[in-house]
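A.B. asks: Sharing a structure with you now.
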Amino acid sequence: MTTPTLVFLHGVGLDHSVWEPVAALLGDDVRVVAPDLPGHGARPPVGPAVTLADLADGVAADIPDGAHLVGFSLGAMVAQYLAIHRPELVATLTSVSSVCLRTPAERAAVLERLRTADTDVRASAQASLRRWYDGTDVDVELIARTERTLLANDPDSFVNSYRVFATADAELGPNLGRIAVPAMAVTGERDPGSTPEMTRRLAAAIPNCEAVVVPDARHMLPVERPAELVRILSTFLGRYARV
């Protein structure tokens, strides 16, 4: 039997290392692929005209046909785009801490965060760390690692990617009903941005999609609750692959 491939896609301003706590808990019965999105990690910066399609095209070559896509935040939007436009690549879709069809108030809030990122990257990073980690028991070194990753980004490239994150849900929303693979949407109960309401909104928009809310968790589920996320993934994928 072919070994299932899990493809992990990270959030804006992060890199593949955000998935290391999850990957460390997976067994040898799966193959893990965790490419950096264009403009992230060691990849060249992206320009102001970058689109969600560009980000998806930039990782598509790393994804074998019939992979199980697990996207976090911006990575979830990329995974959804691929499930719509490159369905041969996707066997199942898991969206972790994903936005969906922002309301006017939600859009205003993220556009304000985009303005902060455009004027003061350090202030943007500090605000993100507070939103993601305040009130959690995540080890301080893991939080410091996230901070180093955020501050290592090319500032213009980070803002260009953030702009995609802040706006592309409007493009994705009307097409989510075209996703034909089994899907799951997961978020933390205390996630201030990718809220439980938004996750339920995503599950309602995608056919054959279930919503899961992790009690007392915030946004950075791959770091804050890796064991819980692996358990949720294993239960879901166990129905569709030998995981």
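A.B. asks: Here is a list of conditions, (1) out of contact with any helix residue (DSSP H, G or I) (no Cβ under 9 Å at 6 or more places or on another chain); (2) modelled with pLDDT of 95 or more, and Pro226 meets all of them except one; can you say which number that is?
C.D. replies: Of everything listed in (1) out of contact with any helix residue (DSSP H, G or I) (no Cβ under 9 Å at 6 or more places or on another chain); (2) modelled with pLDDT of 95 or more, Pro226 misses just condition (1).
A.B. asks: Still on this model: Exactly one of these conditions fails for Gly11: (1) without any contact (Cβ under 8 Å) to a residue 40 or more places away in the chain; (2) part of a loop (DSSP other than H, G, I, E, B). Give me its number.
C.D. replies: Condition (1) is where Gly11 drops out.
A.B. asks: Could you grab the pairs with beta carbons closer than 6 Å, sequence gap of 6+ or different chains, first residue in the stretch 25-36 and basic (Lys, Arg), second one at pLDDT below 95?
C.D. replies: Listed pairs, sorted by first residue: Arg31/Thr3.
A.B. asks: Something else: Suppose we filter the stretch 171-211 for residues that are in contact with a Cys (Cβ under 7 Å, 6 or more places away or on another chain) and farther than 20 Å from Ala56 by Cβ; how many remain?
C.D. replies: 3
A.B. asks: Further, regarding this structure: Asp216: crowded, with 20+ Cβ neighbours inside 10 Å and of a type in the set (Asp, Glu), yes or no?
C.D. replies: Against the criterion (crowded, with 20+ Cβ neighbours inside 10 Å and of a type in the set (Asp, Glu)), Asp216 does not qualify.
A.B. asks: Here is a follow-up. Considering (1) β-branched (Val, Ile, Thr); (2) surrounded by 16 or more Cβ atoms within 10 Å (Cβ to Cβ); (3) at pLDDT below 95, say which one Val46 fails and leave the rest.
C.D. replies: For Val46, the exception is condition (3).
A.B. asks: Give the residue that is farthest from the chain's Cα centre (by Cα), with candidates limited to residues of the stretch 35-48 that are under 20 Å from Glu147 (Cβ atoms) and small (Gly, Ala, Ser).
C.D. replies: Once the filter is applied, the top-ranked residue is Ala42.
A.B. asks: Could I ask something else about it? Please verify whether Arg200 is within 17 Å of the chain's Cα centre (by Cα), surrounded by fewer than 20 Cβ atoms within 10 Å (Cβ to Cβ) and assigned to a helix (DSSP H, G or I), treating the condition exactly as stated.
C.D. replies: yes
A.B. asks: Has the stretch 64-86 got any residue that is in a helix (DSSP H, G or I), free of Cβ contacts under 8 Å to residues at least 24 places away in the same chain and closer than 25 Å to Ala203 by Cα?
C.D. replies: no
A.B. asks: Identify, by number, the condition in (1) closer than 22 Å to Leu237 by Cα; (2) of a type in the set (A, V, I, L, M, F, W, C); (3) surrounded by 19 or more Cβ atoms within 10 Å (Cβ to Cβ) that Val32 doesn't meet.
C.D. replies: (3)
A.B. asks: Taking the criterion of being surrounded by fewer than 18 Cβ atoms within 10 Å (Cβ to Cβ) and modelled with pLDDT of 95 or more, would at least one residue in the stretch 67-83 satisfy it?
C.D. replies: no
The values are calculated or read from the model by the stated rules, or taken from the named source; none is laboratory data. Note that the structure is a prediction, hence the values are computed from the model and not measured. Note that each Cβ is placed from the backbone with ideal geometry, even for glycine, and that neighbours are counted across all protein chains shown.
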